[in-house]
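The values are calculated or read from the model by the stated rules, or taken from the named source; none is laboratory data. Keep in mind that this is a model prediction, so the values were computed, not measured. Reconstructed Cβ throughout: ideal geometry from the backbone, glycine too, with neighbour counts over all protein chains shown.
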Amino acid sequence: MRKSSWYGTGMSEAAARFDLPARSVFEPPSYPNVWFYVHERVAASQDAAVSLVTGWLRDHCGITNDFGHWKPPEASDSQARLGGLQPWTGGADPAQHHAHDLHIRYYYVALRQTRMQQVALQGARGPMGRYQRFAGSVHYEVADEHPLHPYIDDCPYCGRTGAYAGADDLFAGVHEPLGLELLLDGTIRGQPVSRSDGRPVGGIALMKETHALQIERVRPARADMNIVGLAVVLIDPKGS
């Protein structure tokens, strides 16, 4: 898998390359922090790209819509989660003991309605081709069913602790970057995470077994991007 970092690179350069749409296209509470770009040789339409990625995350990482009750969509078109992760029982107050959810909302209809679902990318050595794209907003938090959902500030997994102790906002500064880490790499704070049945989460990095995968990390610098970081996942045919 090809990996490179855009941290420290100007947002104008990244925006020029990926042509990231404005937040006003969706009007979500948070700008989507993960973007999936699927080469047209892998998916001929946006529908096919959405089915490929969401189906892969369901089948390989267990990320599915199993809420069992209505969940506010927050302008999204669909959503899913992986629950029962990293149960924490270390606090002095048993009422704060909890497991965690990886929660992701997907955004794609508005892109199609505004004809922004396809984009042609240029690489350093020339054209890379056309890509079908859609977005996600992913975060890691106290399980949805817990009375204190979504915040327990001093949790060593999802709280304002360790490297995240100085975060100004628990959701934008902790939950979103942790969710992005788990979705991409299958880790939280650098440590592998297992599902409730013992299988590793793995993350989308495992897709490198069947596709040419590239993950570009971007530090937002545009006013409408109210997040601390995002990633663009490029999915190309193997051998491309």
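Do we find a residue being under 18 Å from the mean Cα position of the chain (by Cα) and either surrounded by fewer than 21 Cβ atoms within 10 Å (Cβ to Cβ) or more than 18 Å from LEU234 (Cα to Cα) (or both) anywhere in region 86-93? Talk me through it step by step, then tell me what you get.
Taking region 86-93 and keeping what is under 18 Å from the mean Cα position of the chain (by Cα), we get none.
Scanning region 86-93, I find no residue that is under 18 Å from the mean Cα position of the chain (by Cα) and either surrounded by fewer than 21 Cβ atoms within 10 Å (Cβ to Cβ) or more than 18 Å from LEU234 (Cα to Cα) (or both), so the answer is no.
Comparison of LEU230, LEU234 shows that the only residue that is touching a Pro at 6+ places or on another chain (Cβ under 8 Å) and closer than 20 Å to LEU121 by Cβ is LEU230. How many residues does region 209-232 hold that are among the acidic types (Asp, Glu) and closer than 16 Å to PRO28 by Cα? Residues meeting the conditions: 1.
So for region 39-49 (the condition being surrounded by 14 or more Cβ atoms within 10 Å (Cβ to Cβ) and in contact with a Gly (Cβ under 9 Å, 6 or more places away or on another chain)), does at least one residue qualify?
Step one: filter region 39-49 for residues surrounded by 14 or more Cβ atoms within 10 Å (Cβ to Cβ), giving 39-40, 42-43, 45-49.
Within this subset, residues satisfying the condition of being in contact with a Gly (Cβ under 9 Å, 6 or more places away or on another chain) are 39-40.
Yes, the conditions are met somewhere in region 39-49.
Residues of region 203-240 that are farther than 18 Å from PRO177 by Cα, over 18 Å from the mean Cα position of the chain (by Cα) and not in a helix (DSSP H, G or I): THR210, HIS211, ALA212, ALA223, ASP236, PRO237, LYS238, GLY239, SER240.
I'd like to know if region 99-106 contains one or more residues that are charged (D, E, K, R), in a strand (DSSP E or B) and within 23 Å of GLN117 (Cα to Cα).
We begin by selecting, within region 99-106, every residue charged (D, E, K, R); these are 101, 105.
Next cut, in a strand (DSSP E or B) only: 101, 105.
Going one step further and asking which of them are within 23 Å of GLN117 (Cα to Cα), we end up with 105.
Yes: one or more hits.
Within region 82-105, the set of residues being more than 17 Å from PRO28 (Cβ to Cβ), charged (D, E, K, R) and modelled with pLDDT of 95 or more comprises ASP101 only.
Residues in region 58-73 that are over 14 Å from ARG195 (Cβ atoms) and in contact with a strand residue (DSSP E or B) (Cβ under 6 Å, 6 or more places away or on another chain): ASN65 alone. Being touching a residue at least 40 places away in the same chain (Cβ under 8 Å), surrounded by 20 or more Cβ atoms within 10 Å (Cβ to Cβ) and closer than 21 Å to MET225 by Cα, is that true of even one residue in region 51-72? Within region 51-72, none of the residues are touching a residue at least 40 places away in the same chain (Cβ under 8 Å), surrounded by 20 or more Cβ atoms within 10 Å (Cβ to Cβ) and closer than 21 Å to MET225 by Cα.
Among the residues of region 106-127, which ones are modelled with pLDDT under 90 and surrounded by 16 or more Cβ atoms within 10 Å (Cβ to Cβ)? Before the answer, list the steps.
Step one: filter region 106-127 for residues modelled with pLDDT under 90, giving 122-127.
Matches in region 106-127: none.
Determine whether ILE235 is crowded, with 17+ Cβ neighbours inside 10 Å, more than 30 Å from HIS39 (Cβ to Cβ) and of a type in the set (A, V, I, L, M). So ILE235 does not fit the description; no. Candidates are the residues of region 45-76 that are outside any helix (DSSP H, G or I) and in contact with a Phe, Trp or Tyr (Cβ under 6 Å, 6 or more places away or on another chain); the one that is farthest from ALA205 (Cα to Cα) is ALA75. Can you tell me which residue within region 204-228, out of those that are touching a residue at least 60 places away in the same chain (Cβ under 8 Å) and in contact with an Asp or Glu (Cβ under 8 Å, 6 or more places away or on another chain), is nearest to ASP169 (Cα to Cα)? For region 204-228, the residue satisfying everything is ILE227.
Given the criterion without any contact (Cβ under 8 Å) to a residue 60 or more places away in the chain, surrounded by fewer than 20 Cβ atoms within 10 Å (Cβ to Cβ) and in contact with a His (Cβ under 8 Å, 6 or more places away or on another chain), identify the matching residue among LEU170, LEU178, LEU148. If you could, list the steps in order and put the result at the bottom.
Details: LEU170 fails: in contact with a His (Cβ under 8 Å, 6 or more places away or on another chain); LEU178 fails: surrounded by fewer than 20 Cβ atoms within 10 Å (Cβ to Cβ).
On inspection, the qualifying residue turns out to be LEU148.
For region 24-46, name all the residues that are over 18 Å from GLU176 (Cβ atoms) and more than 14 Å from the chain's Cα centre (by Cα).
Pass one, region 24-46, residues over 18 Å from GLU176 (Cβ atoms): 24-25, 37-46.
SER24, VAL25, VAL38, HIS39, GLU40, ARG41, VAL42, ALA43, ALA44, SER45, GLN46, listed by residue number.
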